[in-house]
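First up is the structure itself, then whatever we jot down about it.
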Amino acid sequence: MSDPRFIKVNPPEGYEGAGFFATSFDKVVGLARKNSIWPLPFATSCCGIEFMATMGANYDLGRFGAERLSFSPRQADLLMVMGTIAKKMAPVVQEVYAQMAEPRWVLAVGACASSGGIFDTYSVLQGIDRIVPVDVYVPGCPPRPEQIIDGFMKIQELVGKESLRRRYSEQYRELMKAYKI
Amino acid sequence: MDSETIIGTLREQFGDAVLETNAAADILTVTVRRDFLHEIMAFLKNHELMGFSFLTDLTGIHYPDSELPFGVVYHLHQFVENKRLRIKTFLPGDDPSVKTLTDLYPGANWMERETYDFYGIIFTGHPNLKRILNVDYMDYFPMRKEYPLEDQTREDKDDRYFGR
């Protein structure tokens, strides 16, 4: 596998010997998860257009294991909110998040999803973190595909390192309760 | 049918109910008293000479310093001669209500709901006058001048840098 066209995934830390390799279960699961994230694109405006470029051949998010977009929240791992979320749309975003199976992550792409952006107005939700917990924020208005990929790689990092017990922790339950999910 | 004919016919039919006419601008504008609005609109739609069969748009205005602070503007279109007409009516602040046009133009239904949603103008007789664009739990009318445009819950903005 020394062909530079193929990038292999490095194995996690562990003990290696003749004919065996041992590591923790967390790391193996994390490795598998982070390299096959199924994103659900929730694209409402121009950030969504940048996402289309990100999925296109030039940038190709598929290189990071996200080839398969999931248009059903039931099978998605990552909710990518890209664009302005109006207050009227907020319950919809929350419902989509609630329908996703654990473990689930959220990426807020662009200024509007992160903070309301330029739309400091009565009708726009001032950041999706008011209705769902956000893992990574991508700044920009709109962000370039490189930035979206950077945000996605940050998500991958989080996914890879997450403890298998986190979603059962009291802390996590409190977090969900705080968002009334 | 030119502007003078329309103005003349309206004045002849409704007299004092026609408060003001302005043919100088792009579209002939007629300001009418609100209690005669429905009657005048029905006349404009149904009279054989007029035939303004299409309600292009309907919206509100708010001039907080004026004696009658709320306004409703109707845009009519007559297809036969491609003639447009603007009707305005002004309402007092303590009773911003006007008769609905939904019985004449079914298309007025959502437009009146929108006007109610943003200005709080009551269209009496409307079959379903509730918010249409804003969230249901909104407790004010955002296009009225006394309410600020900005979302009041935002915490990350320092007022000093935004001139407030």
Exactly one condition in (1) farther than 24 Å from residue A:90 by Cβ; (2) touching a Leu at 6+ places or on another chain (Cβ under 8 Å) is not met by residue B:159; state its number.
-> (2)
Close pairs (9 angstrom Cβ cut-off, 6 or more residues apart or separate chains): without any contact (Cβ under 8 Å) to a residue 12 or more places away in the chain in region A:131-151, surrounded by fewer than 19 Cβ atoms within 10 Å (Cβ to Cβ) and not polar (S, T, N, Q) anywhere | A:147/A:139; A:147/A:140
Quick one: count up the residues across region B:5-22 that are in contact (Cβ under 8 Å) with a residue 12 or more places away in the chain and within 16 Å of residue B:50 (Cβ to Cβ).
-> 10
Scanning for something surrounded by 17 or more Cβ atoms within 10 Å (Cβ to Cβ), within 12 Å of chain B (Cβ to nearest Cβ) and polar (S, T, N, Q), does region A:88-104 turn up at least one residue?
-> no
Please give the strands (runs of 3 or more DSSP E) falling wholly within region B:46-164 in which 2 or more residues are within 14 Å of another protein chain (Cβ to nearest Cβ), surrounded by fewer than 12 Cβ atoms within 10 Å (Cβ to Cβ) and not hydroxyl-bearing (Ser, Thr, Tyr).
-> none
For the subset of region B:23-45 comprising residues that are surrounded by 17 or more Cβ atoms within 10 Å (Cβ to Cβ) and in contact with a helix residue (DSSP H, G or I) (Cβ under 7 Å, 6 or more places away or on another chain), which member is farthest from residue B:13 (Cα to Cα)?
-> B:28
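With the structure loaded, tell me whether residue A:70 is within 14 Å of another protein chain (Cβ to nearest Cβ) and either touching a helix residue (DSSP H, G or I) at 6+ places or on another chain (Cβ under 8 Å) or among the polar types (S, T, N, Q) (or both) or whether it fails that test.
Numbers: within 14 Å of another protein chain (Cβ to nearest Cβ): no; either touching a helix residue (DSSP H, G or I) at 6+ places or on another chain (Cβ under 8 Å) or among the polar types (S, T, N, Q) (or both): yes.
Considered against the rule, which asks whether it is within 14 Å of another protein chain (Cβ to nearest Cβ) and either touching a helix residue (DSSP H, G or I) at 6+ places or on another chain (Cβ under 8 Å) or among the polar types (S, T, N, Q) (or both), residue A:70 comes out as no.
Those residues that are part of a helix (DSSP H, G or I) and either charged (D, E, K, R) or over 17 Å from residue A:91 (Cβ atoms) (or both), I need them from region A:108-133; list them, please.
A:110, A:111, A:112, A:114, A:115, A:129, A:130
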Across region A:134-164, which residue is farthest from residue A:109 (Cα to Cα) among those that are aliphatic (A, V, I, L, M) and in a loop (DSSP other than H, G, I, E, B)?
-> A:164
Taking only region A:35-70 into account, find how many residues are of a type in the set (Phe, Trp, Tyr) and farther than 20 Å from residue A:142 by Cβ.
-> 1
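Yes/no matrix, rows are residues, columns are (1) touching a Pro at 6+ places or on another chain (Cβ under 9 Å); (2) over 21 Å from residue A:102 (Cβ atoms):
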position: A:138; (1), (2): no, yes
position: A:146; (1), (2): no, yes
position: A:157; (1), (2): no, no
position: A:161; (1), (2): no, no
position: A:165; (1), (2): no, no
position: A:169; (1), (2): no, no
position: A:178; (1), (2): yes, no
Does residue A:124 satisfy the condition of being away from every other protein chain (no Cβ under 14 Å), buried (at least 17 other Cβ atoms within 10 Å of the Cβ) and in contact (Cβ under 8 Å) with a residue 24 or more places away in the chain?
-> no
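Against the condition within 22 Å of residue A:70 (Cβ to Cβ) and touching a residue at least 24 places away in the same chain (Cβ under 8 Å), how does residue A:159 come out, does it pass?
yes
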Looking at region A:129-139, is at least one residue at positive phi and within 14 Å of chain B (Cβ to nearest Cβ)?
-> no
Do the conditions hold for residue B:159, that is, is it more than 16 Å from residue B:60 (Cα to Cα) and among the acidic types (Asp, Glu)?
-> yes
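Bear in mind that the values in this text are calculations on the coordinates, not laboratory data. Predicted model, so just to flag it, every value in this text is computed and none were measured. Positions of Cβ are backbone-derived with ideal geometry, glycine not excepted, and every protein chain shown enters the neighbour counts.
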